[in-house]
1. Quick check on segment 113-169: take the gyration tensor over C-alpha atoms, sort the square-rooted eigenvalues as a ≥ b ≥ c, and tell me if it's rounded (a/c under 1.5), prolate or oblate.
2. Taking N as the number of residues in the chain, what value does Rg over Cα atoms divided by 2.2 N^0.38 Å take?
3. Distance from a point 7 Å along Cα→Cβ of residue 72 to each backbone N in segment 1-35: keep the residues under 16 Å and list them by number.
4. Could you compute the net charge surrounding residue 70? Neighbours are other residues with a C-beta less than 11 Å from the C-beta of residue 70; K and R count +1, D and E count -1.
5. Build a GNM of the chain with springs between Cα atoms under 10 Å: which of 93, 112, 22 gets the top mean-square fluctuation?
6. Which one of 96, 115, 61 has the biggest mean-square fluctuation once the chain is modelled by GNM with Cα springs under 10 Å?
7. May I ask you to derive the FRET efficiency for residue 132 and residue 159 from their Cβ-Cβ distance with R0 = 30 Å, giving the value to the nearest 0.05?
8. Measuring from label point to label point, each 7 Å out along Cα→Cβ, what is the residue 36 to residue 167 span in nm?
Amino acid sequence: MLYLLDANVLITAHHLYYPVDAVPEFWDWLAHQGEAGNIKMPIETFEEVKDGSNDADKDLLYAWVHDDAHKAAILFDGDVEPRLVQQVTGQYAPDLTDDELEAIGRDPFLIAHALADPGNRCVVTTEVSKRRLQRQNRRVPDICADVGVQCCDTFTMLRALRFSTGWRG
């Protein structure tokens with residue numbers, strides 16, 4: 001299984017439970033899993049993390065994603081099919097306005113990358129299902145379910161890939 005990470009996975013991990021400077025084992029493990037081909041980030045979600053800050057001295061996550069070795073390890077090497085992006089975007093609503101498309105952001109690209117091989121790819125996000133939401137407010141797990149893409153949260157992925165702070169030992 002290839003786990004495709006939403007930007008919020010790295011952002012939330014760094015800010016809430018695995019800060020880059022406090023739990024470096026997690027970040028080393030992510031790079032290792034990326035090198036092994038188990039975890040990747042499409043360029044669209046990778047750019048969301050990069051765009052989140054521009055001060056490497058103050059933002060350790062920004063510095064981590066700008067490291068050439070980390071980028072090479074986790075960046076997904078593949079283009080998204082425009083027709084799949086359109087298919088995913090249509091799940092939000094068939095008549096989205098430009099403002100709504102901007103609000104959705106890059107999530108359709110992430111889901112479309114998984115949709116290209118739904119039996120072997122899984123979207124990882126911190127978003128939770130909220131079926132009552134409509135249009136641009138729909139959540140990644142709900143759109144994934146609607147198009148037949150596997151989706152899980154960070155901790156499900158960590159269990160599946162057997163993360164441990166002593167993973168090297």
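1. Oblate is the answer for segment 113-169, as a/c is 1.5 or above yet b/c matches or exceeds a/b.
2. Working: Rg = 15.8 Å, N = 169, 2.2 N^0.38 = 15.5 Å.
Relative to the 2.2 N^0.38 Å estimate, the chain comes out at 1.02.
3. Within reach of a label on residue 72, which here means backbone N under 16 Å from a point 7 Å along Cα→Cβ, segment 1-35 contributes 31-35.
4. On the way: positive: 71; negative: 28, 35, 67, 68.
Charge balance in the 11 Å sphere: -3.
5. Looking only at 93, 112, 22, the biggest GNM fluctuation is shown by 22.
6. Of 96, 115, 61, the Gaussian network model singles out 96 as fluctuating most.
7. Computed FRET efficiency for residue 132 and residue 159: 0.55.
8. Each label point is offset 7 Å from its Cα along the Cβ direction, giving 0.7 nm.
The values are calculated or read from the model by the stated rules, or taken from the named source; none is laboratory data. Please read these numbers as outputs of a predicted model, since none were measured by experiment. Methodologically, a virtual Cβ is constructed for each residue, glycine included, from the backbone with ideal geometry; neighbour enumeration extends over all protein chains shown. What goes into the accessible areas is simple: the full protein's heavy atoms, side chains included, and nothing from ligands, DNA or RNA. Shrake-Rupley method; radii C 1.70, N 1.55, O 1.52, S 1.80 Å.
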